[in-house]
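Peer 1: This is the structure I want to talk about, given as structure tokens.
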Amino acid sequence: MRKLLTVFGATGQQGGNLIDYTLSNPELSRAYKIRGITRDPSKPAAVEFQERGVEMVKADMDDEASLKLAVAGSFAVFAVTNFWEKASAAIEIAQGKAMADAAVAAGASLLIWSTLPNVTKMTDGTLTGVVQWDSKADNINGDFEFAQTWNADTRIPLIDIKDTGKYLAPALLNPKKYSGKIFTAATAYYTGPEMADTWTKVTGKKVRFVQIPGGTTKVSLPPEMMRILKDSLGLIKDYEYYGPTGEREVQWTLEQIEGKASTWEEFVRAKEPWFEL
Ligand SMILES: NC(=O)c1ccc[n+]([C@@H]2O[C@H](COP(=O)([O-])OP(=O)(O)OC[C@H]3O[C@@H](n4cnc5c(N)ncnc54)[C@H](OP(=O)(O)O)[C@@H]3O)[C@@H](O)[C@H]2O)c1
């Protein structure tokens, strides 16, 4: 009999890809039936999954009673939070705890948590505000600038979010072996100039990496948000995104998954066209 996999964030990138991957992977779809969680089952993404045989259930991470029903009968639960929707660490922690508590109370055997390193610990308390990193590209004089505050030799681990299912499949197929393990997911580490060169190669348009001075900003944000962005940039420049052991952990993760993860070049090709003015 197929076990039940409950996927939070089903209408989003990570959860949506996990569902797609599970539906299309013969071994996983034989092992699991899927329940997707959304606050709004009438959303097009939810309706589409429902039509593909996914049981879509309405629940809200902020509403514990709804979580109890959401995870009832689950063997495995995939939990992801969306920090930026409320931009509050306290709410994100409460949501994660509520999902984990509900999964444990429901007797789930496997809880997969979409996480990132604890930066405060990793940097010995130097950076206390990091949750998310964002990037932006700028366009000047017909050529294109990939403008970041990173150094030219800062290396960033990149993941194609469409590989989410591929990264989670080992834990779903072999829960005992991977119990308590962290999958640090990325295809590889890339520098800004390497990313820019790939854009140039794929699009034929000149893209170059430029480093903008730290502290330069065109936006005005609340102080707490500014602190988060400042520490996020400090993390990437001074400690590496996944910390000092990240590259070794990424290598281990790549050895566990089936097939290859998408490269930055494959991602850029798949997302064409770029730089439409
Ligand atoms: N993008 C990156 O480069 C990156 C890198 C590292 C980490 N992350 C982390 O990834 C997370 C976002 O993941 P994603 O990109 O897959 O998300 P996403 O595409 O923005 O989708 C968010 C999902 O969360 C669900 N959701 C949000 N609040 C909810 C609530 N209160 N109750 C129930 N469901 C709720 C939404 O469902 P409904 O709206 O349908 O209810 C939606 O399916 C963030 O925490 C971010 O920090 C992103």
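The values are calculated or read from the model by the stated rules, or taken from the named source; none is laboratory data. Every value quoted in this text rests on a predicted model; they were computed, and no experiment measured them. Here Cβ is always computed from backbone atoms with ideal geometry, including for glycine, and neighbour counts include all displayed protein chains. Remember, those area values only see protein heavy atoms, side chains included, never the ligands or the DNA or RNA. Shrake-Rupley method; radii C 1.70, N 1.55, O 1.52, S 1.80 Å.
Peer 1: Working only within the range 267-277, note down all residues that are within 18 Å of the chain's Cα centre (by Cα) and of a type outside the set (A, V, I, L, M, F, W, C).
Peer 2: 271
Peer 1: For residue 3, all conditions in the list (1) within 21 Å of the chain's Cα centre (by Cα); (2) more than 9 Å from the ligand (Cβ to nearest atom) hold save one; what is the number of the exception?
Peer 2: (1)
Peer 1: Among the residues of the range 155-208, write down those that are closer than 20 Å to residue 266 by Cα and of a type in the set (A, V, I, L, M, F, W, C).
Peer 2: If the condition is that a residue be closer than 20 Å to residue 266 by Cα and of a type in the set (A, V, I, L, M, F, W, C), then 156, 158, 159, 161, 185, 186, 188, 195, 196, 199, 202, 207 are the ones that fit.
Peer 1: Residue 262 fails exactly one of the following numbered conditions: (1) within 20 Å of residue 153 (Cβ to Cβ); (2) not in a strand (DSSP E or B). What is the number of that condition?
Peer 2: (1)
Peer 1: So residue 42 fits all but one of (1) within 13 Å of the ligand (Cβ to nearest atom); (2) within 23 Å of residue 185 (Cβ to Cβ); (3) not in a helix (DSSP H, G or I); what number is the exception?
Peer 2: The number of the failed condition is (2).
Peer 1: OK, next. Of all residues in the range 1-39 being assigned to a loop (DSSP other than H, G, I, E, B) and of a type in the set (D, E, K, R), which is nearest to residue 160 (Cα to Cα)? Working first, answer last.
Peer 2: Residues of the range 1-39 assigned to a loop (DSSP other than H, G, I, E, B): 1-2, 8-12, 25, 39.
Within this subset, residues satisfying the condition of being of a type in the set (D, E, K, R) are 2, 39.
Values: 2: 29, 39: 26 Å.
Selected residue: 39.
Peer 1: A further question on this structure: Please pick out the residue among 227, 208 that is out of contact with any Cys (no Cβ under 6 Å at 6 or more places or on another chain), open to solvent by 40 Å² or more (accessible area, probe 1.4 Å) and assigned to a strand (DSSP E or B).
Peer 2: On the way: 227 fails: assigned to a strand (DSSP E or B).
Every option except 208 fails the conditions.
Peer 1: Conditions first: (1) among the polar types (S, T, N, Q); (2) in a loop (DSSP other than H, G, I, E, B); (3) more than 9 Å from the ligand (Cβ to nearest atom). Residue 50 passes all but one, so which condition is the exception?
Peer 2: Just one mismatch for residue 50, condition (2).
Peer 1: While we're on this one: Examine the range 29-37 for a residue that is open to solvent by 50 Å² or more (accessible area, probe 1.4 Å), in contact with a Lys or Arg (Cβ under 6 Å, 6 or more places away or on another chain) and away from the ligand (no atom under 11 Å from the Cβ), and state whether such a residue exists. Please lay out each step first, then the result.
Peer 2: Applying the first criterion (open to solvent by 50 Å² or more (accessible area, probe 1.4 Å)) to the range 29-37 yields 30, 33.
Subset that is in contact with a Lys or Arg (Cβ under 6 Å, 6 or more places away or on another chain): 33.
If we keep only those that are away from the ligand (no atom under 11 Å from the Cβ) too, we end up with 33.
Yes, some residue in the range 29-37 is open to solvent by 50 Å² or more (accessible area, probe 1.4 Å), in contact with a Lys or Arg (Cβ under 6 Å, 6 or more places away or on another chain) and away from the ligand (no atom under 11 Å from the Cβ).
Peer 1: Being under 17 Å from the mean Cα position of the chain (by Cα) and either away from the ligand (no atom under 13 Å from the Cβ) or open to solvent by 50 Å² or more (accessible area, probe 1.4 Å) (or both) is the filter; apply it to the range 90-111 and report the residue that is farthest from residue 186 (Cα to Cα).
Peer 2: In the first step, residues of the range 90-111 are kept if they are under 17 Å from the mean Cα position of the chain (by Cα); the result is 92-93, 95-96, 111.
Then keep just the ones that are either away from the ligand (no atom under 13 Å from the Cβ) or open to solvent by 50 Å² or more (accessible area, probe 1.4 Å) (or both); that gives 93, 111.
Numbers: 93: 24, 111: 21 Å.
Filtering first and then ranking leaves 93.
Peer 1: Anything in the range 1-14 that is within 18 Å of residue 43 (Cβ to Cβ) and crowded, with 24+ Cβ neighbours inside 10 Å? List them, or say none. Reasoning before the result, please.
Peer 2: So the first thing to find is which residues in the range 1-14 are within 18 Å of residue 43 (Cβ to Cβ), and the list is 6-14.
Selection gives 6, 7, 8, 10.
Peer 1: Now for a different question. Determine, yes or no, whether residue 176 is more than 16 Å from the ligand (Cβ to nearest atom), within 28 Å of residue 28 (Cβ to Cβ) and at pLDDT 95 or above. Break it down into steps so the answer makes sense when it comes.
Peer 2: On the way: more than 16 Å from the ligand (Cβ to nearest atom): yes; within 28 Å of residue 28 (Cβ to Cβ): yes; at pLDDT 95 or above: yes.
Taking the combined requirement at face value, the residue satisfies it.
Peer 1: Here's a follow-up. Is it the case, given these coordinates, that residue 200 is in contact with a Leu (Cβ under 6 Å, 6 or more places away or on another chain), at pLDDT 95 or above and either on the phi < 0 side of the Ramachandran plot or open to solvent by 70 Å² or more (accessible area, probe 1.4 Å) (or both)? Show your work before the answer.
Peer 2: Working: in contact with a Leu (Cβ under 6 Å, 6 or more places away or on another chain): no; at pLDDT 95 or above: yes; either on the phi < 0 side of the Ramachandran plot or open to solvent by 70 Å² or more (accessible area, probe 1.4 Å) (or both): yes.
No.
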